[in-house]
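The values are calculated or read from the model by the stated rules, or taken from the named source; none is laboratory data. This one's a predicted model, so the numbers in the text were calculated from it and none came from an experiment. Glycine also receives a Cβ, built like all others from the backbone with ideal geometry; neighbour counts cover every protein chain displayed. Note: accessible area is taken over every heavy atom of the protein model, side chains too, but ligands, DNA and RNA are not part of it. Shrake-Rupley method; radii C 1.70, N 1.55, O 1.52, S 1.80 Å.
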Amino acid sequence: MPGAVGSEAAADPGVDALADASESLWYEQWSIIKQEVELEVNFREKSISGVTRIEFLPPLNKIDEIALDARQCEIDVENVTVNGKKVAATFSDPYDLMQAPPQWQLGVGQWRTMRKRMMAWAYERPPEDEKEKEQEREKERGAPIMERELKSIGCVPADRSLRIEIPPESLAPKNEPDKPEKSMRLKLIVDKSITRVDKDAATKEDQDAEIPPICVSIPFRSKRIRDGLHFVGVEDGDFRYPHVYTRHSIGTGTAPCIFPCVDDPGSRHPWKISIKCPRTLGDAFEQPLATQLAAPAPAAASRKRKVGEATPSVPQPFVTQMQEEDKLKELTVVCSGNLSGEQIDPNDEKKKIMTFECQNSAAQHISFAIGPFDHVDLASEFRTEEADEKLGSNAAKIHVYFLPGRLEEVMHTCMPVVSAADYFAPEFGKYPFESYKMCFVDDMVSDTAAATSMTLCSTRLLYPEDIAETEIDVTRILVHALASQYLGVHIVPNTRKDSWLVIGIQWFMTDLFMRALCGNNWYRYHLKTMADKLVETDVQRPSLRDLGDHLHLGDYELEFMSLKAPLVLFILDQRMSKIPGSTGVVRVVSNMVSNANIHNTAKATCASAEEFKQNCEKRSQYKPDELWSQWVERSGCPKLSITQKFNKKNLNVDIMIKQTQTTPKSRPITKEDFWREFQEDIHGVYCTEVPRLFTGPFTVRIHEADGTPYEHYQQITDKDKGGTQLSISYNTKYKRLKRTKKAQASANTSSDKHDVQEDDVVYYNMLGDVLTTEKDITDWGLQDWVKEVQVAMDQESYEWIRFDCNFEWVCETITDMPGYMYLAQLQQDRDVVAHQDAMLYFKRSKRHGVAATIETRTVMDRRYYPGIRTMAAEDLAKQADPALNYIGLAQLVLSFRHFFCDRVVGRNGNITFPPSPNDFRDKAQYAIQSALPSAIARTREKGRCSKDGRNFLLDLLLFNDNSDNEYRDDFYIATLLEALTTSLIPEGYDRDKDLLSTLDDYDEEDSEFKRFILKTLEEIDKYRRMDEWTHSYQNIWTITALNCKMRLMKERVIPVSALEFVQYLQDKNLDLVRIKAFDCLVELGMLSKPPILKLILSHLSTDRSPFVRDRLFKILCRGIAAIALGENQIAQPEPEVEVDESGLIVDQGDAEIQQRKLDAVRKEDITHALRALKEELKGNPELPIVIWQAVGSPFISFKEKCQLLDLCSALFEPEDSLLVTLNYPMYYTATRQSKTPQKPQQPKRLLIKFEQKYRTEPRQRLVLEAPKGPEAPPVAPVEVKPEPKKIKISTKASFSGPSTSGLSTAVPSASRPPTPSPLARQDSISVTMARPAPAVTVKQEAAPSTSDSISVMRPVVRPSTPAVPSPTPSQSFAPRPSQQPNDSAKPLEKRPKVPKKRKSDEGEANDRPRKVIKTEKGVGNRRIVTAKFKSWDKLPQRVRDAIEDERQGRVASSTIVATPVAKRPGVSTPLSASSPRNAMSPPPSARPSNSQATAGGPVKQRKPLPSSAPHPGPPAPAAPAAPSIAASSEPGPVKKVIKLKLKAPSQGKGPT
């Protein structure tokens, strides 16, 4: 039986249990000494079971129970033991709260109820009241791991779902059980494998009373697994090798999903893990070999069962049949720690047990994987004997485990890891564990997951040796996983606010090795690229210190921290290294790792930012306080505006530096940032204050005219508010001539070679000195500076100035140096960062022929770093401008022909340039070969890519030859397809139809362009079909083909066809292909289509791969962000066009202006974006249904469900009501059966039939009687103010119906329903006076009438319910007299009148007259004005007299009809004694006879009515109630009509 109740009414015992648990202390005083875990993995049922034993050291003071963490499992509380004895235990699974009780009928509006239910136990939930806030602040103060010993904090459980009682006998001290307990402070020190108690602070007497450790044994079994574990290849249709591995998260909450533990990063202790699993794949799924199929069944399965014996479970056969060789594959367990034993299970020979032991690890760093893994020892494969002898004991053992068939990919991918380990050992310290294991598994969400002495890696990282594009990125990821073993697993952050230091050191170590592997140019170019990205993204973001508390929100927070933290450590290292005698950050990190390896204590294995800052200050004379306060504790990056000028008078270089910080409005919200902005908004992640000025050392390098660079170390301080003024002295006394070696060689051959003295010439090597001959200048269209610029160049006193040349700032620098100085910097400076700054300047500059020449020479000079050459090629596309005669396109084509084409002369003398066979051995040249086609595709001529450019790209694809190449051209083909797609997209095409259908076949240019489009589509489909049987690397051709078609459809080049992408959504396709197909559908705006929306949400909530679910949710968020930001607006019905009487269309200008304002604001503020999103999606009726079905999916994890609930909060308004279904009570009925004939000798028997029924009605009806109130005292005359009146001037038709005479008779309507009156226009004045509400429901029925009058109807009396009547507003003035038993009205004292609502039986609690005007829309262009009527003196005299006479009566309600005299001739009939009282009584001040009375004067006593005589009727309730009119079969009172003569209003005035 459903019923609507409040959300708080349906309490849940699980929430209450967890809430009670949270009221205790947030920490425990006992410490774990050791934990043992025994697990048994069942592949068929996808479950685990086992026993965990926790040995802990209790405090000396009393302890009643301990609290542990456990989730998504069943605890056998009956068999929980403490020191071998069973004890009482309680367990409330927090994951049960993820499913609503079956009685709750939840909808998408109850997202807040569901989120509160889940957040009741979430570790990262925000505090709700002051008590929780205080506990959270106390937790932040006391949680540091270094201070736990001083504060007697043993451990900090996360949710405390498992509580176990500790019997008093377990706390008895050794040898003296009767000795009273004494308090003492115990230090638990874990040193390697030794666990001891330090009793330095205790007396000898207390040492004798030492409490022994307590061992708790907990049997458990997993339920439906959502988190913690992931099984692969065990479901029907999944043909991958079966394996299982643990899943991990940044915060807490994952480890308790595997086994009961204390999920506390600071609780680190020894572990012993025993895992039982099947020996082979055939044993795991009970698929015997072909030779074992004829074996007889075991006797236990064929014997007869005893009475009461359970039926043995017969496992269902595994649907996917494996091959014989796969059945024999051995299952291997890869686990944290070192393998200490392996044996066959003594109870089952088809199973084996592998035992591992590890030291000083937290529960969240325990990981394992089980599967048919192959093994390879990388150290023996790639480490030379010389390196092994050099490293000695510091050489790390590295093992890799992978699925069968991927040996070559693993060997090629993991080869740099050995070099990284050999680099870290002497540079930072010995590897902290005995061996390092890497295990490659499928379906991982992140690329790597670090655990104790092992790392789980995704198989997406593997690549063969003939793929060259991914090697740097993958190597950096794998090296970072190795660095995480040093910082992150072995050394953990002291608090969450110190997480930035650990993550920063991880990437700092990684980039240092990549510098040794790829070179210093790669290192500095990479850091400069990261710095530029940080300047763009660090806008309204929290500081590094505060960001540690919000890493659990999403991977976007970790990505930002991984971007900024290593840059901060790099600039710290740069500032420290400038000081003589300083060792930099490397030595500080090395000392930290060495200290942790030697001591291995809680304090030594913790990283504190404050302690790290002190160590940096000790290692050097630099004090990093200002760097800490600006870059760590605050947010933002500075923008430096620098001006320079040479002062010839003082021979100084004057430099002015001004800082401007990034403003929030300068960076609008994008689709990629929408979900992050929304999450930070609802979780209270606020932007940290941006410093007014960034300060610190600033190095300026001036390259003076003699060719000598002079470095000047300056300081930017906060003393100068307007900016920092620097005055740098000039060193060169006279200017010297600079020449390159090539220029000097040509000068020696000239006739005036003796004109220049040898001492005045400086020789140097200049970059970019290619294409300098006259023929090259003519053929390539190169230009030089004009004469005026050359004169200015000769007058300059220095070549260029490098600002922040030591890279000590992460900022954006804009200077006023002219272009020729940046050219000198690009050609003469050796630093790749200087080259990058120069290219960024030319990128910001306008189109110019000289800039095209500079960039062309940069591309052609192979001495430049490939990244610089790529930047030059990308910017050359901008120079293809008609003002420059499209010189950029020609130079790009010539550059590609020069490097990658052959010159072929035909028989007829024609010269062609076919592409050369591919050769990707030179990685620098391959980068240029991939960048040039993309740049050519971006050139435009009259809005389109030129015909020559398009045909050139098509020829590259058609004549591509990769037969003799050592590397595959999968990515190169994808680059050419993307370039061809870019060339087809025109500029500014905004028609509704697609471009392909609008091209004119009879126009030469259109027909050629149409043929080219069709040819390109054919090539795209060709490679897409080829990928189905050639299998490119990770199906890159299919992914590229889908992306190309999506881009063409989105830009309206070809018609939109969703079927092109839906066909790739099948489960058998590669996950990356399916994800790309969904991405294309969302980018095309298909999210507004209900079938596509259902499909996406269905896969998002039911897909077996967590990686696919994670990527689909991000795609869904981008699609919703596009709707919120106005990019993909849902089609709304066009509003009706308003046309006036003359036929002109009324322009809705205000609505359009408001819409434009909304479109502009929605991209600047997340609040306006969410408001616009709800407005866009409010008309989709299927969205709430499908999204709530996804929320209720039993397959998604806790984090995924929280994300979907957050998405509901962005789309729908919350509802605070909850519909609950309650079961009917059950009862039984007994019925005696009819007698049956019995035999004489048969004993008598009685047959009774019992039947189960549900009670749907109560046994006794509940009658609520009104409470008896006190008797009303006599009403004394009181002074009241005149009651408010309402005047309604209406032009609508009368509702009274047709009438044939001036008199109306009240018709009894209790026996028939009312007849609705037709709608007609009428001119009438309805004056209504407020009256007390009657106790019964009165319904009036309109009599037929055709006149403009309002008839007085007899009230219809309905039987009222026995509920207590609600008090009327009139009770607030005076007590109401009791009612007669026959419901007749008793003469009452005149009491204050109360205003009442129009056409209602409820009064208004309004005790003072006020004018209220209400305007309503009437028929046509007329308006209805309702106001409090006060102009009584304007009514005719006879009308006022009639109203006054009627006012003397006493009735419950009345209605007066005013009929114009012109329309209804006749004389008014006097009112009868039984007529109702007129509700149009004027106040006393309106009558001429008592004009002296005021509004608050005495009120006359009312006279009794003749109809108030007693007559039989039902008894009235005891409570005072308003007078009611009893239903009677006697004819009612005759209606009376008072005719009012209406005066025409004066000119220009409306009705009164």
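Nonpolar atom fraction for the range 57-116, defined as the carbon and sulfur part of the 1.4 Å probe accessible area, stands at 46 percent. Inter-label distance, residue 610 to residue 1445: 9.6 nm, where each label sits 7 Å from its Cα along the C-beta direction.
Under the combined filter of DSSP loop state and at most 12 neighbouring Cβ atoms within 10 Å, the range 428-499 retains these GluC sites (Glu not before Pro): 434.
Taking a ≥ b ≥ c as the square roots of the Cα gyration tensor eigenvalues, with a/c under 1.5 meaning rounded and otherwise prolate when a/b beats b/c, else oblate, which class fits the range 515-604? It is oblate, given that a/c is not under 1.5 and a/b is not larger than b/c. Highest-first packing order for the peptide set 695-703, 542-550 is 542-550, 695-703, based on the mean count of other beta carbon atoms within 10 Å. If you average the C-alpha positions of the range 565-624 and of the range 437-514 separately, how far apart do those two centres end up, in angstrom? The range 565-624 and the range 437-514 have Cα centres spaced 22 Å from each other.
When nucleic acids and ligands are ignored and a 1.4 Å probe is applied, residue 93 ends up with an accessible area of around 10 Å². Accessible area per residue for the range 1032-1137 is 40 Å², calculated with a 1.4 Å probe on protein heavy atoms, without ligands, DNA or RNA. Averaged over residues, the count of other Cβ atoms within 10 Å places the peptides 935-944, 143-152 in the sequence 935-944, 143-152, highest first.
FRET efficiency for the residue 1058 to residue 942 pair, using the beta carbon distance and R₀ = 30 Å, is estimated at 0.40. Once R0 is set to 45 Å, what does the formula 1/(1 + (r/R0)^6) return for the Cβ-Cβ distance between residue 147 and residue 720, expressed as a FRET efficiency to the nearest 0.05? According to the calculation, E is roughly 0.60. Take the Cα of residue 116, step 7 Å toward its Cβ, do the same at residue 1245, and the gap between the two points is 5.9 nm.
Applying both filters, DSSP loop and at most 11 other Cβ atoms within 10 Å, to the GluC sites (Glu not before Pro) of the range 982-1091 gives 987.
With protein chains left intact and a 1.4 Å probe, residues in the range 494-579 average 28 Å² of accessible area per residue. Under the rule a/c < 1.5 gives rounded, and otherwise a/b versus b/c splits prolate from oblate, where does the range 437-479 land using the Cα gyration tensor? Verdict is prolate for the range 437-479.
Counting every alpha-carbon pair across the range 903-982, the share separated by more than 16 Å comes to 56%.
Name the shape class, rounded, prolate or oblate, that the alpha-carbon gyration tensor gives for the range 340-478, where a ≥ b ≥ c are the square roots of its eigenvalues, rounded holds for a/c under 1.5, and otherwise prolate holds if a/b is larger than b/c and oblate otherwise. It comes out oblate by the Cα gyration axes. Residue order by solvent-accessible surface for 276, 1239 is 1239, 276, largest first, with ligands and nucleic acids left out and a 1.4 Å probe. Within the accessible surface of the range 508-630, defined with a 1.4 Å probe on protein heavy atoms only, the carbon and sulfur portion equals 46 percent. Using R₀ = 25 Å, calculate the FRET efficiency as 1/(1 + (r/R₀)^6) where r is the Cβ-Cβ separation of residue 532 and residue 686; round to 0.05. Efficiency computed from Cβ-Cβ geometry: 0.45. Here is the list for the range 875-911: trypsin sites (Lys or Arg not before Pro) lying in DSSP coil, each with at most 15 other C-beta atoms within 10 angstrom of its C-beta, are 903, 907.
Distance between the pseudo-spin-label points of residue 660 and residue 1050 (7 Å out from Cα toward the beta carbon): 3.1 nm.
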